[in-house]
1. Does region 67-79 contain at least one residue that is touching a helix residue (DSSP H, G or I) at 6+ places or on another chain (Cβ under 6 Å), touching a residue at least 12 places away in the same chain (Cβ under 8 Å) and part of a loop (DSSP other than H, G, I, E, B)?
2. Considering each of 81, 42, 2 in turn, give the residue that is loosely packed, with under 13 Cβ neighbours inside 10 Å and either under 14 Å from the mean Cα position of the chain (by Cα) or under 30 Å from residue 260 (Cβ atoms) (or both).
3. Kindly evaluate residue 204 against the criterion of being farther than 21 Å from residue 7 by Cα, at pLDDT 95 or above, within 23 Å of the chain's Cα centre (by Cα) and crowded, with 20+ Cβ neighbours inside 10 Å.
4. Listed residues 252, 224; which is at pLDDT 90 or above, within 18 Å of the chain's Cα centre (by Cα) and either assigned by TED's automatic domain parsing to the domain that holds residue 80 or part of a strand (DSSP E or B) (or both)?
5. Among the listed residues 57, 117, identify the single one that is assigned to a strand (DSSP E or B), in contact with a helix residue (DSSP H, G or I) (Cβ under 6 Å, 6 or more places away or on another chain) and either farther than 20 Å from residue 131 by Cα or not assigned by TED's automatic domain parsing to the domain that holds residue 265 (or both).
């Protein structure tokens, strides 16, 4: 049987419906929120409408208020991040059999999404034993992924916009890691992350910690704040930088050019979506326009004077 074509996407950037062939399944791509420069109405909905009956299924595990609108449409298999920490565990042999053959897989550009695509190609069977657990560990940052998953993850983070590499990762996973020769290019990409990690560690030294004297949330007693210096051109790993911030405080806030990102541990219980009035995404990891800096920090219990003192 011919394998489906791959199309790589993010919630903010979906392919044009006319560019994807035949029946389409969408995996691990969240419904866009207001923070995505247009939100659901301008990004996600036109894609759904444009595909029409060609949309075979949409499988995702990111919170969104509009999931309820699609509850009666059995093409949409939607959950929250708390219900499913990663998408591959939602892709079962029963689901693949119910949906049937597809011509194109649209998937997210991280290990979670690529593993989901490979598992779909394998009719709901894990690419290797423990792959579902690895995807959950990487996506939630809880637990320790296997050495196999770390090799994939490092390559993906080194070249997240390289469709050739992303396709190679899916191919290797879909084959059940049958061809050891494919590791050569994957490991070569992963090695490129070392320079990025050095830059990330250097940036992390600029975090400033502020204690929250009267916390509004038990899980937020301190904040690590970092503003990336204007004109910083060397690549850094945003995920790692946020994790390094969380090692210093309850919540990490990263301001880079026009974007403010808030991050907390997956199991913290914090919900930045509710806090900032956003319709969807990951409750403990959100990005908004920098103009919302004061809103975000004040919502966490930080006074405006303390905010100014951090900058």
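1. No - not one qualifying residue is present in region 67-79.
2. Numbers: 81 fails: loosely packed, with under 13 Cβ neighbours inside 10 Å; 2 fails: either under 14 Å from the mean Cα position of the chain (by Cα) or under 30 Å from residue 260 (Cβ atoms) (or both).
Among 81, 42, 2, only 42 is loosely packed, with under 13 Cβ neighbours inside 10 Å and either under 14 Å from the mean Cα position of the chain (by Cα) or under 30 Å from residue 260 (Cβ atoms) (or both).
3. Yes: the conditions hold for residue 204.
4. Checking each option against the conditions leaves just 252.
5. Only one candidate qualifies: 57.
Here is a yes/no grid of residues against (1) free of Cβ contacts under 8 Å to residues at least 12 places away in the same chain; (2) farther than 23 Å from residue 105 by Cα; (3) part of a helix (DSSP H, G or I):
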| position | (1), (2), (3) |
| --- | --- |
| 149 | no, no, yes |
| 156 | no, no, yes |
| 176 | no, no, no |
| 181 | yes, yes, yes |
| 189 | no, yes, yes |
| 200 | no, yes, yes |
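Okay, residues lined up against (1) at pLDDT 95 or above; (2) surrounded by fewer than 21 Cβ atoms within 10 Å (Cβ to Cβ); (3) outside the structural domain of residue 184 (by TED's automatic domain parsing); (4) out of contact with any helix residue (DSSP H, G or I) (no Cβ under 6 Å at 6 or more places or on another chain):
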site: 97; (1), (2), (3), (4): yes, yes, no, yes
site: 112; (1), (2), (3), (4): yes, no, no, no
site: 123; (1), (2), (3), (4): yes, yes, no, no
site: 134; (1), (2), (3), (4): yes, no, no, no
site: 160; (1), (2), (3), (4): no, yes, no, yes
site: 165; (1), (2), (3), (4): yes, yes, no, no
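The values are calculated or read from the model by the stated rules, or taken from the named source; none is laboratory data. None of the values given here were measured: they were computed from a predicted structure. No Cβ is skipped: glycine too gets one built from the backbone with ideal geometry, and neighbour counts run over all protein chains shown.
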